[in-house]
1. Of the residues that sit in region 131-149 and are over 30 Å from residue 29 (Cα atoms) and open to solvent by less than 10 Å² (accessible area, probe 1.4 Å), which one is farthest from the chain's Cα centre (by Cα)?
2. Pull out all pairs, ordered by first then second residue, where Cβ-Cβ is under 6 Å, the residues are six or more apart or on different chains, the first lies in region 459-472 and is in the same structural domain as residue 486 (by the TED database) and in contact (Cβ under 8 Å) with a residue 24 or more places away in the chain, and the second is open to solvent by 20 Å² or more (accessible area, probe 1.4 Å) and among the polar types (S, T, N, Q).
3. If you take the residues of region 51-105 that are modelled with pLDDT of 85 or more and among the aromatic types (Phe, Trp, Tyr), which of them is nearest to the chain's Cα centre (by Cα)?
4. Of the residues that make up region 80-100, is at least one open to solvent by 10 Å² or more (accessible area, probe 1.4 Å) and in contact with an Asp or Glu (Cβ under 9 Å, 6 or more places away or on another chain)?
5. Given (1) modelled with pLDDT of 85 or more; (2) aliphatic (A, V, I, L, M); (3) closer than 21 Å to residue 369 by Cα; (4) open to solvent by 60 Å² or more (accessible area, probe 1.4 Å), identify the lone condition not met by residue 390.
Amino acid sequence: MYASREDIGYDFGDDSKVRSKPIKPNPNIDGGWAWMIVLSSFLVHILIMGSQMALGILNMEWLEEFNQSRGLTAWVSSLSMGITLIVGPFIGLFISMCGCRTTAIIGGILNALGWILSAYAANVHYLFLTFGVTAGIGSGMVYLPAVVMVGQYFQKRRALAQGLSTTGTGFGAFLMTALLKHLCAEFGWRNAMFIQGAISLNLCVCGALMRPLSPKDLHEKYVVRSDSEENRAKALSHSTETIKSNGVPGEETEKKEEAANEEVLGSVQHIEIGGKSGSGRSMYGLRLFKTVSQLTVTVRKGFALWYSSYFGAASLFTNRVFVAFVIWALFAYSSFVIPFIHLPEIVKQYNLSRQDNVFPLTSIIAIVHIFGKVILGIISDLPCISTWNVFLMANFTLVTCILTLPLMQTYIGLAVVCAVIGFSSGYFSLMPVVTEDLVGTKHLANAYGIIICANGISALFGPPFAGWIYDITQKYDFSFYIAGLLYMVGIIFLLIQPCIQKKQPREKSTEEEQV
């Protein structure tokens, strides 16, 4: 889950005047319209993440239709999944300029367009562009605002709100698997994609529900937070006075730029008023120049905010544990995605389609995944339990299941392993907590954005790699074995780095004692 810039900032301005007045809490924060935002985010997770987890159904149809290799065909699904997560940091630029609501509505249109155009595909390469790239970018433009808006509207109940909204992934995977299977059987895969495109237009409705908080509402949210952290505010009071007395160079530069921009716009307005007697063509040119100037100012401000948010996080990579966490993310997510894409075909090869039609294995993963998120979250909140240990145990369980899956050739055996995969993959709900423990609240948004981007790269290359291994060996067994071993390498990195960091201070202390 993402955290917005507003979630991790503090207002260091003079709040003595504000505190002298009684502040009425905004009813839309932690209540009121905030629950509509949760509903909107829940539906986004169903329509985007749920649909992507059900792409194994379409992958089988594409294999039969285009008669291409499994490695090449799997790129369609992996492009859509990977691009959705990889573009997250770049979608932040659109959010900075246009806001979450506009970004989500445009993304909903792009996503629906990608599904509809894919219905007319003549070959797999056409699907790369329409479904992989177009629908993938559209999904990313809706997914990030859906997560960010929940963080903006909730303060005390943020964990509950994010937990409720992200359960849409499990529900969506269950519902969309059944829906796509039914549509493909009744109308064919082309009409199924066309209908799914029409359904995806509801993402625009979800985006329209993302009503932005006014600056006054955001200010009240900050004041409530600063009141609850009064001790921290007192500790920072000295630095606040220093900032007031000395000034902040960045703010002065911003003010100078704003003044220059206002001067340009003002001069345009003056010429516009003074030149009313001029020709209509010159007036049209002046208005066009004014619009372009205003757009340029908005783009420059948005780009500056986006650049400072993400590229200002380079210092995160000096943290060895965080680097190990990124390496883990590059290997981990593919092991979760590969079963969703290739399980339907594995079931067909084992002649288990009859049992799978009654209750698909991917639906078992999806349903148990919901309970896994909730139960692992409750366990990690216990005072005697370490979140890091729960996170590692869930990873070990998941990698064991990935390595065990090829050994199961009966429906019951596969169903049990899939259920454990669904439960252990509930550690996704712990990722923001673990990330915050590693880098702190200040860098949470940037660090988690990097982790999600690494997961996107993993999802991008995982399914095609599994398909390529099948094309060589004519078995999926080695695909799961190699993915599991790479996943294990990532877990080993997580185990080694904390030990190295604990040893380093001790070595320094012994050297100091010798001196």
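The values are calculated or read from the model by the stated rules, or taken from the named source; none is laboratory data. Since the structure is predicted, the reported quantities are computational estimates derived from the model, not experimental observations. All Cβ positions, glycine included, derive from the backbone under ideal geometry; neighbour counts span all protein chains shown. These area figures cover heavy atoms from the full protein model, side chains too; ligands, DNA and RNA do not enter into them. Shrake-Rupley method; radii C 1.70, N 1.55, O 1.52, S 1.80 Å.
1. 131
2. Final answer for the pair search is 471/69.
3. Out of the qualifying residues, it is 75.
4. No - not one qualifying residue is present in region 80-100.
5. It is condition (4) that residue 390 fails.
Residues checked against (1) closer than 30 Å to residue 440 by Cβ; (2) touching a residue at least 24 places away in the same chain (Cβ under 8 Å):
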residue	(1), (2)
319	yes, yes
335	yes, yes
345	no, yes
380	yes, yes
383	yes, no
386	yes, no
396	yes, yes
405	no, yes
